[in-house]
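Note sheet for the following structure.
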Amino acid sequence: MKGELRYEGKAKRVYATQNPAEYVVEYKDDATAFNAQKRGTIQGKGAVNNAITAALFPQLEAAGVPTHFIERLSEREQRVKAVEIVPVEVVVRNVAAGSFSKRLGLTEGAPLSLPVVELYYKSDVLGDPMINEDAAVALGWASREDLSVIRDLALKVNAFLAPFFQARGIRLVDFKLEFGKTLDGQIVLADEISPDTCRFWDAASGEKLDKDRFRRDLGGVEDAYQEMLRRVLADAPTGDVKEPA
């Protein structure tokens, strides 16, 4: 049973439950870009992102990445472990794109010789500024031990996702992760993995199948999200994870 609204972000609402160790997360269709300077709605986005995350997180668990995910409850809701989010977002890059290309003067689409891990302070007000490990430790956002665990888990996520999507004709360009601490202090993967948080390019055509279609006014946003869901579920585990109607 959903209880008190604990948090509402740009893409999700988080509710308390009778169990203090669990939350209910509700996915919204709201879309934002450029630190919420651009706003809109992507019809069906919440259901798609919920379904993709619910399909991927159990597979990541099996690959050795602890997550907050427990089960999908409905088309837009899932039950998760209650966590305190570490205010340091992690971006893993396999290909030069987006702000990385602009910042370093690189051609978008250039492959990187190894995954690049970047840290950002989770702050909408400040525009999620890029930080380094020393800043995160000095300002008390995470310990060095926490950051070491988070980096290792982020690379493990990449090691699973890159071939997973490659097998489905998708180039995993980059993605953002958030981590949290459970009540007993374990660091786990939280938030979501979806076209909102990843750059997905069709491996053959280079077509963008993610939120860049919204950011850059490319059109076909809903179709791109549905196509990513179709590919993720192509051989999804049996169970309660089903494609939204």
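The values are calculated or read from the model by the stated rules, or taken from the named source; none is laboratory data. Remember, predicted model here, so these are calculated numbers, not experimental data. Positions of Cβ are generated from backbone atoms using ideal geometry, with glycine treated the same way; all protein chains shown enter the neighbour counts.
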Exercise for the section: Name the single residue, out of those in the stretch 65-88 being under 18 Å from residue 153 (Cβ atoms) and not β-branched (Val, Ile, Thr), that is surrounded by the most Cβ atoms within 10 Å (Cβ to Cβ). Expected result: 68
Problem - In the stretch 105-133, residue nearest to residue 207 (Cα to Cα) [restricted to those that are among the acidic types (Asp, Glu) and not in a loop (DSSP other than H, G, I, E, B)] - result: 118
Completion exercise
When restricted to 190, 162, the only residue out of contact with any Gly (no Cβ under 8 Å at 6 or more places or on another chain), in the same structural domain as residue 148 (by TED's automatic domain parsing), small (Gly, Ala, Ser) and within 30 Å of residue 23 (Cβ to Cβ) is 162
Problem - Tally, over the stretch 180-238, of residues that are of a type in the set (A, V, I, L, M, F, W, C), surrounded by fewer than 22 Cβ atoms within 10 Å (Cβ to Cβ) and under 27 Å from residue 145 (Cβ atoms) - result: 3
Completion exercise
Checking 38, 81 in turn, the sole residue that is in contact with a Ser or Thr (Cβ under 9 Å, 6 or more places away or on another chain), among the charged types (D, E, K, R) and at pLDDT 95 or above turns out to be 81
Exercise for the section: Go through (1) loosely packed, with under 14 Cβ neighbours inside 10 Å; (2) in contact with a strand residue (DSSP E or B) (Cβ under 9 Å, 6 or more places away or on another chain) and name the single condition residue 116 misses. Expected result: (1)
Exercise for the section: Filter the stretch 92-131 down to residues that are over 19 Å from the mean Cα position of the chain (by Cα) and of a type in the set (D, E, K, R) and give me whichever is farthest from residue 143 (Cα to Cα). Expected result: 108
Practice task
Identify all residues within the stretch 28-87 that are over 30 Å from residue 140 (Cα atoms) and among the β-branched types (Val, Ile, Thr); write none if there are none.
Solution key: 41, 42, 48, 52
Practice task
Among residues belonging to the stretch 134-151 that are within 21 Å of the chain's Cα centre (by Cα) and over 14 Å from residue 181 (Cβ atoms), point out the one that is surrounded by the most Cβ atoms within 10 Å (Cβ to Cβ).
Solution key: 136
Problem - Lone qualifier among 32, 17 - being free of Cβ contacts under 8 Å to residues at least 40 places away in the same chain and over 14 Å from the mean Cα position of the chain (by Cα) - result: 32
